[in-house]
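Novice: Questions regarding the structure given below will be posed in turn.
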Amino acid sequence: MDNSTAHTGAKSLKIIGLVATGNALNAKARHEMVPLEKARIFTIAFWAKVDAKEAPLRKVSISLQTSDDLWPGFYNKTLVLDSIEWKEYSDTFLVDVNELNDAWPGLCIAESDIDFWIDDFRLFEGGTGDEIIGYQKARLPGIWGKIKTQH
Amino acid sequence: MVKIIYVNLFLLLVITSSLNAQNTWLLGQNRIANGTFEEDEVGKPPRKWEIAKGG
């Protein structure tokens, strides 16, 4: 964790590369397991910043895999981080596998050893415009009214 | 009796939605995973994240 720069708040996650293997899959920065449902659209979005002391471009791969034996990956998409200032990157995809309770969302990082920071990493249901910002605590009477009108 | 059924149905829906990503929109959010890192300690790995070897 690093507090020298952040997109939001005071802290961000700095990925420090020591050795590049040339294969992004050889190292991952991943979130703990989350549930996903099949045949639904999801979006991964995050802010990143490449360390200007190293290079202006840095490849990473968005990765989703399960914790089952052999850790099968079911989504992978390469992105090029191309800014030494904070910039948002996103990718929307269809989860076309059976229902999952143990998906690991994250970034594959071993293709390059160029350092970078990430912040505000989100995995949410829907496309880029569907994100509900923050946690808006629903009012129970409002939910109750919706339920009554639907039944 | 009808009110009791409605209340029970409502509670079931709320509990289900909190457990199931499909229905999180009902509670006003659709975020499944996040990394804002504000609760994590500087100099240490973030708590909900792992830097791992793989593939």
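The values are calculated or read from the model by the stated rules, or taken from the named source; none is laboratory data. None of these values were measured; they are calculated from a predicted model. Neighbour counts are summed over all protein chains in view; Cβ atoms, including those assigned to glycine, are modelled from backbone coordinates with ideal geometry.
Novice: Just checking, does the range A:81-99 include any residue being part of a strand (DSSP E or B) and within 20 Å of B:A52 (Cα to Cα)?
Specialist: Looking through the range A:81-99, none of the residues is part of a strand (DSSP E or B) and within 20 Å of B:A52 (Cα to Cα).
Novice: Something else about it: Looking at (1) modelled with pLDDT under 95; (2) within 10 Å of another protein chain (Cβ to nearest Cβ), can you tell me which one A:L13 breaks?
Specialist: Every condition holds for A:L13 apart from (1).
Novice: Just to be sure, is A:V95 more than 18 Å from B:K48 (Cα to Cα), without any contact (Cβ under 8 Å) to a residue 60 or more places away in the chain and of a type in the set (V, I, T)?
Specialist: It is true that A:V95 is more than 18 Å from B:K48 (Cα to Cα), without any contact (Cβ under 8 Å) to a residue 60 or more places away in the chain and of a type in the set (V, I, T).
Novice: Would you check which residues across the range A:20-44 are under 12 Å from A:L107 (Cβ atoms) and assigned to a strand (DSSP E or B) and list them?
Specialist: A:A27, A:K28, A:A29, A:R30, A:H31, A:I44
Novice: Additional query: What single numbered condition from (1) closer than 20 Å to A:D120 by Cβ; (2) surrounded by fewer than 21 Cβ atoms within 10 Å (Cβ to Cβ) fails to hold for A:L81?
Specialist: (2)
Novice: Yes or no: the range A:59-67 includes at least one residue that is at pLDDT below 90, out of contact with any His (no Cβ under 9 Å at 6 or more places or on another chain) and within 9 Å of chain B (Cβ to nearest Cβ).
Specialist: yes
Novice: I would also like to ask the following. Among A:S12, A:S67, A:S63, A:S4, which is more than 15 Å from A:L123 (Cβ to Cβ) and surrounded by 15 or more Cβ atoms within 10 Å (Cβ to Cβ)? Outline the logic, then answer.
Specialist: Details: A:S67 fails: surrounded by 15 or more Cβ atoms within 10 Å (Cβ to Cβ); A:S63 fails: more than 15 Å from A:L123 (Cβ to Cβ); A:S4 fails: surrounded by 15 or more Cβ atoms within 10 Å (Cβ to Cβ).
Criteria check complete, one pass: A:S12.
Novice: Name the single residue that is farthest from the other protein chains (Cβ to nearest Cβ) among those in the range A:105-128 being part of a loop (DSSP other than H, G, I, E, B) and touching a helix residue (DSSP H, G or I) at 6+ places or on another chain (Cβ under 6 Å).
Specialist: The selected residue is A:E111.
Novice: Inside the range A:68-91, can you point out the residues that are at pLDDT 95 or above and among the aliphatic types (A, V, I, L, M)?
Specialist: Passing the criteria: A:L79, A:V80, A:L81, A:I84.
Novice: Please state which of the following conditions B:T36 fails to meet, knowing it meets all the rest: (1) at pLDDT below 90; (2) within 7 Å of chain A (Cβ to nearest Cβ); (3) more than 21 Å from A:Q65 (Cα to Cα); (4) crowded, with 17+ Cβ neighbours inside 10 Å.
Specialist: (1)
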